[in-house]
2 protein chains.
Amino acid sequence: MNRQWLYAKQPQGKIGKDTFEWREVAIPEPQPGEALVRTRLLSLDPANRAWMMGKTYRDALQPGQVMSGFALGEVVESRAPGLAKGDLVEGDWGWQDYAALPARQLTRRITEAPIELLIGPLSVTGLTAYFGLLEVGQPKPGDTVLVSAAAGAVGSMVGQIAKIAGCRVVGTAGGQDKCDWLVKQLGFDAAVDYKAGNVFRALRAACPDGIDVYFDNTGGPVLDAALALANLRGRVVCCGNVSQYDVERPAPGPMSVPGLVVVKRLRLEGFIVMDFYDRRAEAEARLARWIAEGRLKAELDIFDGLETAPDALIGLFEGNNRGKRAVRVS
Amino acid sequence: MNRQWLYAKQPQGKIGKDTFEWREVAIPEPQPGEALVRTRLLSLDPANRAWMMGKTYRDALQPGQVMSGFALGEVVESRAPGLAKGDLVEGDWGWQDYAALPARQLTRRITEAPIELLIGPLSVTGLTAYFGLLEVGQPKPGDTVLVSAAAGAVGSMVGQIAKIAGCRVVGTAGGQDKCDWLVKQLGFDAAVDYKAGNVFRALRAACPDGIDVYFDNTGGPVLDAALALANLRGRVVCCGNVSQYDVERPAPGPMSVPGLVVVKRLRLEGFIVMDFYDRRAEAEARLARWIAEGRLKAELDIFDGLETAPDALIGLFEGNNRGKRAVRVS
């Protein structure tokens, strides 16, 4: 059997259990040119929620389809040239045990790294942090780098890479526990609990020299505060808007756009990690080396069993994750 | 006598006559190192209003001081090395007949161009359009360039320079007269009257291939629409926010920041023309040549007499200018 979670209906406000629907169908037969893949791990990402809201860098999800999501799996049968039984592959085949896919939708992974690292730190998540911070943010040694959702999959990597780049690093996260973890375990210079109130004042205290690079995973009040505290020619890496994904009515945009952008000559720039995939191999090699050397901690937050996927995603928006959240399917 | 307009008090909402106060005082004596300058022309700029709102790239205006503003004048007495009687100079000595200033606050102008061109098209205004569009906006031939406040001093130059750069050019302006002028006299491909309602729909019709570069002088609804219509990797040149300067309560920021910035990989970047002044000579030479060749029309909108300065500035925010507004003082 092929167990699946369907995307059942568009949420009004927060996603819930009824956003998804369980189904069991026959395992598909691979056609000529296709490989049959068995899912090992599913990546749970805030972007999954954004896809429910409309067209983004991909088409919007349509109720009734298998819930989309980045996944890692193993080829169990191949009718595709270049792919063989046992190959590890990644792709976006979503929340199901099996999928039959054409070879061009699969990326083969050849690596010595543990499989869990391939679902995030040495894949989309790590590369997002790496290219977003270093290429879009252009941090210089001594810069103050702020990152929001810093205890999350991307944010925790961004902060550590910024430390490797010689920056002073401040993160925002929800709750004192996460903040302590950022400072004590991941080497952040400071962390601000955005749930504790007055984010602006807390960030001003945590960033006495202002902010040179803000890696924005959240939008919302942290973006407002970061723009207000940005230094001349500060850069804002626009990676996500997670504070506005799981709400019924998005908040108004940042008041200081475009006013402060002009006055302080700021640069706000959006990116999608795939834009940098021609340099993926180089980046993955560096990330793998940093992890092996212990300079980069790849925190994993893994749920067990396909049936847990809805809870794992719902929990992301309740902020109960630390590091890379994934679901182990087989 | 030295006639002056003081900045009398901070406006609540729109500026009015009572924002300024007339005064007549003695002509200052230049001290050693200073030159006494007689004002010829005053530049009237939306930025003058922004300076009343707080610190920008310069300190906020303080009630009681001579109203600030960029000016062009003639040295009438010099105790400064390198400056002689009769020299044309520019600087920010504000709304008065005379000022005594140290040489470092004055820039000598050596040019054959008519003096009126030196207050805008061959100075701050023209350079703002030139560097903002070409360096920050990075237009490519065939791109669609949108510029707001297109009938204004900067906007009218931006549009024409974009045409020279091989782009399709669309402008927004208030009223059909200005829109006709942009298309018929300045060679814009299309113009949209933002006062006629539904700016988004009108811009969508005027930009069938989307927008690659938006030169933003206004913020507000045109910025919202431009972000919605921006193409992948579109650039927004953040030059001004004039829709929000002369209001009591600024509007909320653009809803699509940061959401669409991420999805479409947009770049929003602020700049101040002075950042590019090391390349001023080259840019002025090109602008002067384009004007001489008739490829760039430098529209002037000149009021006569220092006493008209408040009305000239108030009128800018009523949108009654076309091209570069200045006041002829002597």
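Assorted remarks:
- Pair list, Cβ < 6 Å and 6+ apart or interchain, from the range A:1-20 residues that are assigned by TED's automatic domain parsing to the domain that holds residue A:66 and of a type in the set (Lys, Arg) to residues that are outside any strand (DSSP E or B) and surrounded by fewer than 16 Cβ atoms within 10 Å (Cβ to Cβ): A:9/A:63
- Qualifying residue in the range B:240-250 (condition: surrounded by fewer than 21 Cβ atoms within 10 Å (Cβ to Cβ) and hydrophobic (A, V, I, L, M, F, W, C)): yes
- Entry remark, the range B:161-177: residues being in a helix (DSSP H, G or I) and surrounded by 24 or more Cβ atoms within 10 Å (Cβ to Cβ) number 2 in total.
- Residue count for the range B:305-327, restricted to those that are surrounded by 21 or more Cβ atoms within 10 Å (Cβ to Cβ) and in contact with a Pro (Cβ under 8 Å, 6 or more places away or on another chain): 2
- Count of residues meeting criterion [surrounded by fewer than 19 Cβ atoms within 10 Å (Cβ to Cβ) and not small (Gly, Ala, Ser)] in the range B:215-239: 4
- The range A:75-87 residues that are in the same structural domain as residue A:104 (by TED's automatic domain parsing), paired with ones that are part of a loop (DSSP other than H, G, I, E, B) and among the basic types (Lys, Arg) (beta carbon under 9 Å, 6 or more apart): A:75/A:85; A:76/A:85; A:77/A:85; A:78/A:85; A:87/A:109
- Unique residue being over 22 Å from the mean Cα position of the chain (by Cα) and modelled with pLDDT under 95 when the list is A:81, A:63: A:81
- Of A:272, A:302, all but one fail to be touching a residue at least 24 places away in the same chain (Cβ under 8 Å), under 21 Å from residue A:325 (Cβ atoms) and more than 7 Å from chain B (Cβ to nearest Cβ); the exception is A:302.
- When B:252, B:310, B:258 are screened for being touching a strand residue (DSSP E or B) at 6+ places or on another chain (Cβ under 8 Å) and modelled with pLDDT under 95, only B:252 passes.
- Number of residues in the range B:220-249 that are in contact with a Gly (Cβ under 7 Å, 6 or more places away or on another chain), of a type in the set (Val, Ile, Thr) and at pLDDT 95 or above equals 1.
- Matching entry among B:279, B:265, B:249, B:235 (being within 7 Å of chain A (Cβ to nearest Cβ) and not β-branched (Val, Ile, Thr)): B:265
- Residue within the range A:290-299 that is part of a loop (DSSP other than H, G, I, E, B) and small (Gly, Ala, Ser) present: yes
The values are calculated or read from the model by the stated rules, or taken from the named source; none is laboratory data. All values reported here derive from a predicted model rather than from experimental measurement. Every residue, glycine as well, gets a Cβ built from its backbone with ideal geometry; the counts of neighbours run over all protein chains shown.
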